[in-house]
Amino acid sequence: MTMSARRQAPAVARNRGPILDVLRDALPVSGRVLEVASGTGEHAVHFAAAFPDLIWQPSDPDPDARASIVGWREEAGLGNLLPPVTLDAASPQWPVSEMEAVVCINMIHISPWEATEGLMAGAARVLDSGRPLILYGPFRREGLPLEPSNAAFDADLRQRDPRWGLRTVESVRVCAFDQRLAFDKLVEMPANNLVLVFRKA
Ligand SMILES: C[S@@+](CC[C@H](N)C(=O)[O-])C[C@H]1O[C@@H](n2cnc3c(N)ncnc32)[C@H](O)[C@@H]1O
């Protein structure tokens, strides 16, 4: 794999620090963490470096994303960062099992709702009782108008694909509850994003 496969997402440099602060609190001390929708792989490298006692498993269904993850992984040389696996959250079969945590950053709004349903079902399959599913991204809040930046983002997403768009926190909570993933906490993040933490019942 050549280094030219590495891609950069400008938002990662802005959000990886605040997300890391939440992960320090929500992740177990050791064990395996599945990252669904790793994208460029920049988060995977940052978090694997920050948590040397965790084994970080990146994944993405997009071959270009996986090539980018491989490129960043080769450069980083981290022993606890595994090669990426091909994982479509919507699939009823995932290529992994028995994880101590699942992390998914910025996927739910930019994929069909079936991906969120599959994410909840898959997380419930691979997590043991008490283990966390941690989501990050922009969401709608019941009874509150979207912030102007998120409203513009939502309109752009829906124009690109009518199946995409910002989800309500409540709809995501119900979807998780249906899979026996209990709501743990909501954390307000910079730039009108949220972290939602669920734990397997
Ligand atoms: C906006 S990018 C976010 C990437 C990375 N998590 C980040 O925050 O930079 C969305 C990612 O979701 C992935 N994705 C889309 N549909 C998916 C699905 N059904 N299952 C898993 N990943 C999916 C895409 O391939 C893409 O890498």
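No value in this document is a laboratory result; all are computed from the given coordinates. None of these values were measured; they are calculated from a predicted model. Heads up, the Cβs are rebuilt from the backbone with ideal geometry, glycines too, and the neighbour counts pull from every protein chain shown.
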- Task: Return the long-range amide H neighbours of residue 38 (sequence gap of 5 or more, or a different chain), with a cut-off of under 5 Å between placed amide H atoms.
- Result: 59, 60
- Query: Taking K and R as +1 and D and E as -1, what net charge do the other residues with C-beta under 13 Å from the C-beta of residue 35 add up to?
  - Reply: +1
- Query: Residue-wise, which Karplus ³J(HN,Hα) couplings in Hz belong to segment 84-90, taking 6.51 cos²θ - 1.76 cosθ + 1.60, θ = phi - 60°, and x for glycine or proline?
  - Reply: x, 10, 7, 9, 9, 4, 6
- Note on the structure: What the 10 Å binned alpha carbon P(r) of the chain shows, as percent of pairs per bin from 0, is 9, 37, 39, 14, 1
- With label points built 7 Å along Cα→Cβ from the Cα atoms of residue 80 and residue 163, find their separation and express it in nm. 3.6
- Task: For segment 43-72 and segment 118-186, compute the distance between their C-alpha centroids and round to whole Å.
- Result: 22
- Task: Would you work out if segment 6-48 is rounded, prolate or oblate? Take a ≥ b ≥ c from the square roots of the eigenvalues of the alpha-carbon gyration tensor; rounded if a/c is under 1.5, else prolate when a/b is larger than b/c, oblate otherwise.
- Result: oblate
- Summing Lys, Arg as +1 and Asp, Glu as -1, what charge do residues with Cβ under 13 Å from the Cβ of residue 62 carry, residue 62 excluded? -1
